[in-house]
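Written below as C-alpha cells is the structure these notes are about.
Throughout, read-outs are computed from the coordinates displayed, never taken from laboratory work. Everything quoted here is computed from the prediction, not taken from an experiment. As a convention, Cβ positions derive from the backbone with ideal geometry for all residues, glycine included, and neighbour counts pool all protein chains shown.
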Amino acid sequence: MSTMMQPTYLHRPFTLVSSKMDNYRTRSLTFAEKLDCQPGQYVMAWLPGVGEKPFSIAGDDPLQLMVVDVGPVSHSLHSVAEGQRVWIRGPLGQGYRLVGQRVLLAAGGYGVAPLYYLARKALAAGMSAEVCMGARSAEDVLWAERFQALGVPVRVMTEDGSMGERGLVTKATEAAIAAARPDSLCACGPLGMLEALDRQCEQLGVARQLSWEAHMRCGMGLCGSCELPAPQGEDGSLHRHSCQQPGWLACLDGPVSWKE
Ligand SMILES: Cc1cc2nc3c(=O)[nH]c(=O)nc-3n(C[C@H](O)[C@H](O)[C@H](O)COP(=O)(O)OP(=O)(O)OC[C@H]3O[C@@H](n4cnc5c(N)ncnc54)[C@H](O)[C@@H]3O)c2cc1C
Ligand code: FES
C-alpha cells in the first residue's frame, strides 16, 4: 500500500478500491492509499466537472470516507467505480484531542464516521470509549455493529423507536454520563443535536469537543464562506488557530471546537 505525503492543499489522486452500501443512501468508500491525519479532520473530495465537497475522515490506513447521497457531488461519488480515481486534498482542519481515560461519543447521521475513527485511536491509546447514536429510524442507524466489533458499548436512540430506545441522543448521553463520567464528550452530527449536547454538557460540567458543519469552499481560510459564531472556551477565550480572519472559520479553526 502506498503512502500519500503532503502538501495538504494540493489535490492528489486516490484510487477507489471498495464502494459498499451501508444503508439505502449511504456508502463507505475505501481507497488504496493511506493518509497521515487525525480523527475529526476532513478532506476535500473533488470530481472534475462535478464539484468538490468536504468529507470527514472515517479511517486513515487506508483512507475511508462515508458518503450520504443527497446531491450532485455525493451522488457522483456513489457512482465512482472501483479502480477509478477521486481527487483529494487534505487532511484539513482541527480534529479531536484524546483527553484522559474515558471518552463518550455522540453521533448523528454520518457523524459516526469520524467518531468510529476516533474510537479506534482512543482504544489504541488505552482509553475506554462508549458511543450514543441518534437516528430517525432503524434504517438510518449506521455502523453500530462496527463499534460493537471494537468492543465499544453502543446506545441507540431512534425517533420512532424502531431500534434501541425511542427519543433523542441526549437521553442516551445523560444516562451514559450518569453511569460513568467521561473525561470528554466528542460529538458529530446535525446542528440541533450539537447545540443540545452543548447545553447538556454545560449543565453537567462535562468537557466537550463538538464538530460543527458549515458551507465550505476553499477549506483553507481564504473565502470566508464557513464563518460561524465563535464557540467560547470555559474561560471566555476562543480556541482559535487562524489569526487573520475576524470570525471562527469552521474549515481552519474547526470543524472541532473544544470546551473544557
Ligand atoms: C466538515 C464537514 C464534514 C462533512 N463530512 C461528511 C461526511 O462524512 N459524509 C457526508 O456524506 N457528508 C459530509 N459533509 C457534507 C458534504 O460536504 C456535502 O455537503 C454533502 O455531500 C452534499 O453535497 P452535494 O454536492 O452532494 O449536495 P448539495 O447540493 O450540497 O446538497 C443537496 C441538498 O441536500 C441537503 N443536504 C446536505 N447534506 C444533507 C444530509 N446529510 N441529509 C439530508 N440533506 C442534506 C442540502 O441542504 C441541499 O438541499 C461534511 C461537511 C462538512 C462541512
Ligand atoms: S471554506 Fe473558505 S474560509 Fe473556510
DSSP-defined beta bridges in the chain - what % are antiparallel, rounded to 5: 55 percent
Subtracting the Cα-Cα distance of Ala179 and Ser137 from 0.36 nm times their residue separation yields 12.6 nm
Using 0.36 nm times the number of residues separating Ala81 and Tyr24, minus their current alpha carbon distance, what extension gain do you get? 18.7 nm
Can you tell me what share of the DSSP beta bridges in segment 1-147 is antiparallel? A percent to the nearest 5 is fine. 75 percent
Please give the calculated 222 nm ellipticity per residue for the chain, where each DSSP H segment of at least 4 residues contributes -39500 (n - 2.57) and the sum is spread over every residue; nearest 500 deg cm²/dmol? -6000 deg cm²/dmol
Stretch Asp36-Arg217 to full length: gain in nm at 0.36 nm per residue minus the Cα-Cα span? 62.9 nm
For segment 18-35, take each phi angle, set θ = phi - 60°, evaluate the Karplus expression 6.51 cos²θ - 1.76 cosθ + 1.60, and give the result in whole Hz per residue in order, putting x for glycine and proline. 8, 9, 10, 6, 9, 8, 4, 9, 10, 10, 9, 10, 10, 10, 6, 8, 9, 9
Scaled by the rule-of-thumb 2.2 N^0.38 Å, the alpha carbon Rg for the chain gives a ratio of 0.97
In percent, how large is the relative contact order of the chain, given Cα pairs closer than 8 Å and 6 or more residues apart? 16 percent
Förster radius 35 Å - calculated FRET efficiency between Thr15 and Ser225, Cβ distance, rounded to 0.05: 0.70
Each label point is 7 Å from the Cα along the Cα-to-Cβ direction; what then is the distance between the points at Ser162 and Gln101, in nm? 4.1 nm
If you count, for each residue, the other Cβ atoms within 10 Å and average over each peptide, how do 34-42, 216-224 line up from highest to lowest? 34-42, 216-224
